[in-house]
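Trainee: There's a structure below that I have some questions on.
The values are calculated or read from the model by the stated rules, or taken from the named source; none is laboratory data. It should be emphasised that the depicted structure is a prediction, and the values quoted were computed from it without experimental measurement. Note: areas computed on protein heavy atoms with side chains; ligands, DNA, RNA excluded. Shrake-Rupley method; radii C 1.70, N 1.55, O 1.52, S 1.80 Å.
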Amino acid sequence: PPKAVLQGVTDRKEPKMPKNTDPTPAETTEKPKQTRPAKSAAMSPQTEAGDNAKYLAHSLKLMELPKIDTDDPEALQARIVEYFNLCRNDDMKPSAAGLALSLHVERQTLWRWKHETDKPEKCDTVKRAYQVLDVLMNDYMQNGKINPVSGIFLMKNNLGYTDKQEVIVTPKKTLDGD
C-alpha cells in the first residue's frame, strides 16, 4: 500500500474523551456493590490440560467393550467388576452412565433392572453395583472430592436421593366448635 495511506492510519489521533469526575471506589468510604457472591475454588471447574482427552479415552474404552448377555448373572457380574477395575486403572470416578455404557444399555435401563422383581439375580447384581456407586459418592462428598452441587445432583438423579421437608399442620379451631 502507498506510504501516505499507511501514514494516515498510524498518525490518526484518538478522540479525547471527557474525564470521569466520579470518585473512584478507593476515594469513597462505601464498598462497591457486589452483585453476586465470589466463586470459591471448590465451585470452579478444576480442569487441566489433557483432562478431556483422558475422559474421552476412558469413555471410548467402555464403548468398545464387547456386548455380553446381560441375562447371564455371571457375565453381568464380571462386566460390572471389569467396569469398576477400568475406572480404578484409568483413575476415573465411576458413574451410573459409565456403567450403563459398559453394558451397552441406557442409564434408564440399568435403573429399571435395579427394580425388576421377576429377575432377582439380575436385580441383586445391579443393586450391588449401585451400592458401590452410592458409597463412592458419599466418600467423594464427605472428603471434598466432588463439587457439592454436582454431587447432590448426581445423587438425586442416579441414586434416588430426595430432599424432604416435613410440614406439621395443627388446626387452631376444631370443626365441632370447641
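Trainee: Over the range 57-129, calculate the relative contact order: mean separation of alpha carbon pairs under 8 Å at least 6 apart, over the residue count, as a percent. Could the numbers behind the result be given before it?
Mentor: Values: 61 pairs, mean separation 22.6, N = 73.
Taking the mean separation of contacting Cα pairs over the length of the range 57-129, I get 31 percent.
Trainee: Taking all protein chains together and a probe of 1.4 Å, list Glu121, Glu116 from the most accessible to the least accessible. Walk me through the numbers on the way to the answer.
Mentor: Details: Glu121 120, Glu116 35 Å².
These residues rank, largest area first, as Glu121, Glu116.
Trainee: Just to make sure I understand: if all protein chains stay in place, what is the order of Asp69, Asp163 by accessible area at 1.4 Å, largest first?
Mentor: My answer, sorted largest first, is Asp163, Asp69.
Trainee: Right, here's the next one. Assuming a ≥ b ≥ c are the square roots of the Cα gyration tensor eigenvalues, decide whether the range 74-178 counts as rounded (a/c under 1.5), prolate (otherwise, with a/b larger than b/c) or oblate.
Mentor: Verdict is oblate for the range 74-178.
Trainee: Sort Leu56, Leu175, Leu86, Leu154 from largest to smallest accessible area, using a 1.4 Å probe on the heavy atoms of the protein chains.
Mentor: Final ranking, largest accessible area leading: Leu175, Leu56, Leu154, Leu86.
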